[in-house]
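*Asks:* First the structure, which I've put down as structure tokens, then a few questions once you've had a look.
The values are calculated or read from the model by the stated rules, or taken from the named source; none is laboratory data. Remember, it's a predicted structure, so these values are computed and weren't measured experimentally. Here Cβ is always computed from backbone atoms with ideal geometry, including for glycine, and neighbour counts include all displayed protein chains.
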Amino acid sequence: MTQTQSRAIRIDQHGGPEQLKLAQVSVGEPGPGEIRIRHHAVGLNFIDIYQRSGLYPMTLPVQLGMEAAGVVEAVGEGVTHLQVGDRAAYASQPPGAYCELRVMPAKCVCKLPDSISFDTGAAMMLKGLTAQYLLKKTLPQGGLQPGDFVLFHAAAGGVGLIACQWAKAMGLQLIGTAGSDAKCALALEHGAAFAINYSTEDFLARVKDITGGKGVKVVYDSVGKDTWDKSLDCLAPFGLMASFGNASGPVAPMAPGILGPKGSLYLTRQTLFTHIATRESTQAMADDLFAIVGSGQVKIRIDQRYPLEQVQQAHRDMEARKTTGCSILTL
């Protein structure tokens with residue numbers, strides 16, 4: 001079997017950014033249902049930090065990274081939706097995107113339209129597909145209609161800025177929260193109807209004021225511990241609390257009984273990888289994402305670019321909340 005060398009970022013043990021080590025790895029030929037892809041750009045996401053730190057324990061050593069874009073170099077038996085030379089992008093399990101070249105399962109890899117650059121493709125797949133399943137598939141009772149209020153935490157982040165624009169395109173009134181006035185301005189610029197600086201304002205009081213005391217139909221929360229309790233109190237009766245991350249730390253255990261007196265609330269913990277478990281669902285969601293980006297209604301903002309060897313700094317910046325929009329590794 002032919003082996004090709006690739007630079008890659010690996011961890012041998014869980015811990016801080018210093019655990020991210022540059023290594024040379026051998027990459028072989030794809031097996032059945034697999035492809036080999038040469039990356040042009042790699043996306044950075046908070047799930048990478050959870051996996052590195054051990055919040056999401058991994059079998060070690062492991063190569064991190066969940067999304068990237070590049071060109072298909074080889075196709076394994078049974079793969080029919082991709083060909084050698086195709087431009088492609090993905091958000092996919094297992095991890096391994098922090099590299100120049102990899103062999104991986106083909107089912108979550110999608111052809112990248114010519115109108116979308118590799119940098120944009122790498123930045124938008126995990127975050128854009130997350131925004132898609134939240135706004136289109138993770139819905140309160142009765143769904144969402146134009147004019148409805150939703151609360152979206154971390155609205156100036158990669159998922160948040162996509163969600164702000166997509167929600168506006170759907171006619172929703174998205175109330176975004178962020179940790180600084182500059183980040184709030186960014187959320188408003190990208191389509192949020194309202195923005196709340198939760199470091200200086202009580203977001204619960206502001207949400208009640210904005211909604212005339214009624215609350216919102218759904219809260220989309222990737223922050224976790226720091227926003228949880230007040231988020232529940234922002235919901236209207238029969239509202240949906242949709243958790244999809246733990247940027248401030250995991251939420252403490254809670255008794256389901258509290259959901260009753262707060263308004264017979266619904267609670268769900270979502271993950272992208274359930275939604276993209278099949279080739280068909282992945283492609284349908286990606287087609288929706290490609291269409292709205294292609295229409296210009298959603299623009300993918302890349303505010304940080306790091307060479308592969310500066311991945312430690314990239315993780316430090318994300319954890320310190322220094323980043324806005326999307327961040328990518330360049331190759």
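*Asks:* Evaluate the stretch 153-164: report whether one residue or more is over 23 Å from Met125 (Cβ atoms), touching a residue at least 40 places away in the same chain (Cβ under 8 Å) and touching a His at 6+ places or on another chain (Cβ under 9 Å). Write out each step before concluding.
*Replies:* So the first thing to find is which residues in the stretch 153-164 are over 23 Å from Met125 (Cβ atoms), and the list is none.
Within the stretch 153-164, none of the residues are over 23 Å from Met125 (Cβ atoms), touching a residue at least 40 places away in the same chain (Cβ under 8 Å) and touching a His at 6+ places or on another chain (Cβ under 9 Å).
*Asks:* Kindly indicate the residue of the stretch 2-18 that is modelled with pLDDT of 95 or more and in contact with an Asp or Glu (Cβ under 7 Å, 6 or more places away or on another chain) and also surrounded by the most Cβ atoms within 10 Å (Cβ to Cβ) among those meeting that condition.
*Replies:* Step by step, filter the stretch 2-18, then rank; the result is Ser6.
*Asks:* Quick check on this structure: which one of Leu82, Leu112 is in contact with a Phe, Trp or Tyr (Cβ under 9 Å, 6 or more places away or on another chain), closer than 30 Å to Thr2 by Cα and in contact (Cβ under 8 Å) with a residue 12 or more places away in the chain? Write out each step before concluding.
*Replies:* On the way: Leu82 fails: in contact with a Phe, Trp or Tyr (Cβ under 9 Å, 6 or more places away or on another chain).
Criteria check complete, one pass: Leu112.
*Asks:* Exactly one of these conditions fails for Thr211: (1) modelled with pLDDT under 95; (2) farther than 22 Å from Ala131 by Cα; (3) polar (S, T, N, Q). Give me its number.
*Replies:* Only one criterion in (1) modelled with pLDDT under 95; (2) farther than 22 Å from Ala131 by Cα; (3) polar (S, T, N, Q) is unmet by Thr211, namely (1).
*Asks:* For the stretch 128-158, name all the residues that are under 11 Å from the mean Cα position of the chain (by Cα) and at pLDDT 95 or above.
*Replies:* Going through the stretch 128-158, the residues under 11 Å from the mean Cα position of the chain (by Cα) turn out to be 128-134, 157-158.
Within the stretch 128-158, Gly128, Leu129, Thr130, Ala131, Gln132, Tyr133, Leu134 meet the criteria.
*Asks:* Are there any pairs, at least 6 apart or on different chains, whose C-beta atoms fall under 7 Å, with the first in the stretch 1-21 and assigned by TED's automatic domain parsing to the domain that holds Ala97 and the second assigned to a loop (DSSP other than H, G, I, E, B) and hydroxyl-bearing (Ser, Thr, Tyr), and if so, which?
*Replies:* Ala8/Tyr98; Ile9/Tyr98
*Asks:* Further question: Filter the stretch 170-214 down to the residues that are in a helix (DSSP H, G or I), under 19 Å from the mean Cα position of the chain (by Cα) and touching a residue at least 40 places away in the same chain (Cβ under 8 Å) and list them by number.
*Replies:* The answer is Lys183, Leu186.
*Asks:* Looking at the stretch 272-289, is at least one residue more than 24 Å from Gln165 (Cβ to Cβ) and either buried (at least 20 other Cβ atoms within 10 Å of the Cβ) or small (Gly, Ala, Ser) (or both)?
*Replies:* Yes, the stretch 272-289 has at least one match.
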